[in-house]
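Shown next, in structure tokens, is the structure this report addresses.
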Amino acid sequence: MGILIFLSLVCGFYLVFPFTISLVSLFLPDEVKPDSSQESVSDFACIITAYKDIDMAWPLVRSLLAQRYPNFHVYLVADAVQHPFQQIFDPKFSLLVPPAALNSKVASLDYALNHLLGTHTHVVVFDPDNLVPDHFLAVIDRYHQAGFALVQGKRIAKNIDSTYAALDALGEYYYDYAVRKAPYLIGSSSTIAGSGMSIQMDLYKENIAGEMEEFRQKGVVVSEDKSLQLQMVNRGYRIGYAAAAIIFDEKIRSSEQIGKQRGRWLNSYFRHSIQALGAFGRGVLRADWNAMLFSVAVLMPPMVVLVGLSFLLMFVGLFVKIAVTLSLLAALSTFVVGFLGILLLNRAPRPVLAAIPQIPRFVLGQISGFLNIKRANKDFMATEHTYKVEIEDVWQARSKEFGYLARWWRK
């Protein structure tokens, strides 16, 4: 009975937590204001890590070289790429080819950090499938000027033209607000993603050095971004969220990709849960609001785990304690309302909203992710990317979705 009550309380809390903090965030403005009159102070090393195939990265390189912000250099690491061919020649671009295959994103990042040209103040990390409009770095710089050592941009689905891509985008739109924007607005930290985040150079070099030690010992590093964010918050840093720094990210297109990707994510969640609990305890002892709330957000179970466990507990409650069933039913109802409300609040486009009835198909694919949890300890299981498109085409088709942010990037 005690375990039933405890698990029910945890599930009930996390079913209503995202909706609650998102509701509170509506009444709190972003403390960083757009101000194009300020001088540029950051010098960005934009690092792209490509594995086996660099063709997908060239549109991203072109979108970065088109930035209106003046101080940056683009580094493309071609790891395990056979016969890499440099398509772009620009003084702000360097193609880095390791002499031997690294087979690791962390090792690629470390290689880039050891081959930088000039003195950069910050590092911005990208995946090869990303694309950014020409305002991206300028917006990120505003947040660094405001004192944030680590800033996460707004990740948005690049492709929403298939059912699985739209379903994958549903989660991105939801989590983008629930665990990035909302916690940041109420005075805590945004979680970070594997791409579209910018961090102070010295802090990142220190972090990657630590991750490389794990790589040498275990041969693989899973979710280096999750480790980084907890380290930063533990050290007293607050992670900013730049809602106007748009970064497009390719979404999966098949059920097979769901299993690989979610297996890696589930592995990451369970691996870092103990670390997050420790951060919460230290936050309580220090009366550190940022650490406490951030840890709670990081500990939020993956949606398929949370909802699935809640239904199981409701079923058990029918035979053991009916109050548990009724309480979780109320919490699940709140979750559904909050899920839809957050999607609307984050202005999810119509094709994404239209995919909601197909969520059960996505859940079936996620279940296979449990079979890949242990595999992620030995194999990074890189997601394949195939949707190659230029930023001009994406921005022309999608820019109207972000009209409410236009004040940030007016020339």
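Across q = 0.18, 0.24, 0.28 Å⁻¹, the stretch 164-226 modelled as identical point scatterers on its alpha-carbon atoms has Debye log10 I(q)/I(0) values of -0.84, -1.02, -1.13, in the order of the q list.
For the stretch 339-348, putting each phi into the Karplus relation 6.51 cos²θ - 1.76 cosθ + 1.60 with θ = phi - 60° gives couplings of 4, 5, x, 5, 4, 5, 4, 8, 6, 4 Hz, in residue order, rounded to whole numbers and with x for Gly and Pro.
Counting only heavy atoms of the protein chains and using a 1.4 Å probe, Met212 has close to 20 Å² of accessible surface.
If you model the stretch 1-72 as an ellipsoid using its alpha carbon gyration tensor, with each semi-axis the square root of five times an eigenvalue, the axes come out at 43, 25, 10 Å, biggest first. Label-to-label distance for Lys33 and Ile88 is 3.5 nm, based on points extended 7 Å past Cα in the beta-carbon direction.
How big is the Cα convex hull of the stretch 54-173 in projection, averaged over all directions, in nm²? Provide the component values of the computation, followed by the final result.
On the way: hull surface 35.6 nm².
Value for the stretch 54-173: 8.9 nm².
If you run the Gaussian network model on the chain, springs between alpha carbon atoms under 10 Å, then out of Leu150, Leu345, Leu230 the most flexible one is Leu345.
If you run the Gaussian network model on the chain, springs between alpha carbon atoms under 10 Å, then out of Gly196, Gly236, Gly12 the most flexible one is Gly236.
Once Rh is set to the Kirkwood radius over Cα pairs, what Stokes-Einstein translational diffusion coefficient, in µm²/s, holds for the stretch 41-82 at a temperature of 20 °C and a viscosity of 1.002 mPa s? Don't skip to the answer; put the middle values down first.
Details: Rh = 11.0 Å.
So the translational diffusion coefficient is about 194 µm²/s.
Dividing the helix sum by the residues of the chain, where each DSSP H run of 4 or more adds -39500 (n - 2.57), gives a mean residue ellipticity at 222 nm of -15500 deg cm²/dmol. For the chain, the longest principal axis of the alpha carbon atoms and the long axis of helix 303-320 meet at an angle near 10°.
Between the beta carbons of Glu213 and Trp289, assuming R0 = 41 Å, the FRET efficiency works out to 0.85 to the nearest 0.05.
Each residue was assigned an accessible area with a 1.4 Å probe, and for Trp58 the value is about 0 Å². Comparing Thr325, Thr163, Thr119 in a Gaussian network model of the chain (Cα springs below 10 Å), the most mobile by mean-square fluctuation is Thr119. What angle do you read, to the nearest 10 degrees and between 0 and 90, between the alpha-carbon axis of helix 255-286 and the longest principal axis of the chain? Roughly 80 degrees, rounded to the nearest 10. What number comes out for the charge environment of Val32, summing +1 per Lys or Arg and -1 per Asp or Glu over other residues with Cβ under 11 Å away? Charge balance in the 11 Å sphere: -2.
Backbone amide hydrogens, once placed in the peptide plane, bring Leu102 within less than 5 Å of Ala80, excluding anything fewer than 5 places away on its chain. In the stretch 265-351, one over the average inverse separation of all distinct C-alpha pairs is 15.3 Å, which is the Kirkwood hydrodynamic radius.
Taking every protein chain into account, the accessible area of the chain amounts to 43 square angstrom per residue (probe 1.4 Å).
Of all aspartates and glutamates in the structure, the ones whose alpha carbon falls short of 13 Å from that of Lys251, not counting any fewer than 8 places away in one chain, are Asp127, Asp129, Asp161, Asp168, Glu172, Glu384. For the chain, with all protein chains present and a 1.4 Å probe, just round the carbon and sulfur fraction of the accessible area to a whole percent. Carbon and sulfur together cover 61 percent of it.
The values are calculated or read from the model by the stated rules, or taken from the named source; none is laboratory data. Bear in mind that the values here come from a model prediction, so they are computed numbers and not experimental data. No Cβ is skipped: glycine too gets one built from the backbone with ideal geometry, and neighbour counts run over all protein chains shown. Accessible surface is based on the protein model in full, side chains and every heavy atom, while ligands, DNA and RNA are left aside. Shrake-Rupley method; radii C 1.70, N 1.55, O 1.52, S 1.80 Å.
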